[in-house]
Amino acid sequence: MKTFIASDFHGRNPVPLVKSLVKDKKIGRAVFLGDYDEPKILRDILDLKMDKIILIGNHDYDLSLGNEVYSPNLVRPLKEYWDVWGNTLEGKYIRDNLDNRRGIKKGMKVIRRVGNKRAVYVHGSLMGIRSEESPSDVWGRILYDNGSGFTRERRVICNFREMKKNNYWTMFRGHDHFPIVFSTNQKNYTEEIKQINSSIDSIVLKKDDINIASVGAFVEGCYSVFDDKSYLLEFKDA
């Protein structure tokens with residue numbers, strides 16, 4: 001089966017494209033990794049009659065709760081977003097899919113089998129953004145350090161460490177708005193950056209590797225299609 005995977009919609013609706021791909025039998029499943037920004041987009045995704053995974057992005061979390069958001073991607077003042085999301089069914093859906101008691105947002109991490117492998121879907125990453133001792137943070141960035149001093153190389157290494165610990169084969173993620181795959185051999189990996197390969201092209205995800213697959217931002221025209229028979233991950237233009 002082929003799976004549509006996309007993230008960071010920020011007001012751009014993927015549903016017409018997904019319906020077209022389903023109609024043409026080019027996909028059979030869809031994964032939405034969050035940051036919808038508009039309730040109608042989330043509603044259209046929820047209404048899709050197909051096998052799908054829906055995750056919550058940091059924008060959706062903050063906007064549905066009326067929290068402060070630090071992002072240049074917001075196209076309206078925060079209060080207007082709360083007016084749009086606050087009392088909607090979509091806002092309630094997001095709040096109902098959160099579990100703040102454990103500090104982990106359960107609507108932002110999903111684990112599924114791909115053959116005998118474990119894939120994890122997140123909006124951001126598995127490691128926090130400030131230090132290697134940070135708790136799991138499914139909103140963490142990997143490609144940018146945001147002035148924290150926690151470099152991209154260390155973020156990649158620490159996320160691979162978490163993946164090995166939890167026996168994850170591939171992490172599919174968004175948040176950084178850039179399509180790229182980091183891969184390393186699972187058996188021989190010793191947390192050295194020189195052991196890690198990267199690709200910005202379509203790639204076959206090897207079964208003996210561990211992989212971090214960033215799918216880019218749908219608002220910028222990026223999405224991916226993953227074939228669970230050939231293990232080919234294709235980067236597409238919307």
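Residue separation times 0.36 nm, minus the C-alpha to C-alpha distance between residue 201 and residue 117: what's the value?
28.0 nm
What is the extension gain from residue 53 to residue 26, computed as 0.36 nm multiplied by their sequence separation minus the C-alpha to C-alpha distance, in nm to one decimal?
Values: separation 27, 0.36 × 27 = 9.72 nm, distance 1.73 nm.
Answer, rounded to one decimal: 8.0 nm.
At 0.36 nm per residue, and after removing the present C-alpha to C-alpha distance, how many nm does the segment from residue 188 to residue 227 gain when stretched out fully?
Extra length available between residue 188 and residue 227 comes to 11.4 nm.
Using the Cβ atoms and a cut-off under 11 Å, what net charge is assigned to the surroundings of residue 186, where Lys and Arg are +1 and Asp and Glu are -1?
So the surrounding residues net to +3.
Rule-based calculations on the coordinates, nothing more; no lab input. Computed from a predicted structure; not experimentally measured. Note that we place each Cβ from the backbone using ideal geometry, even for glycine, and neighbour counts take in every protein chain shown.
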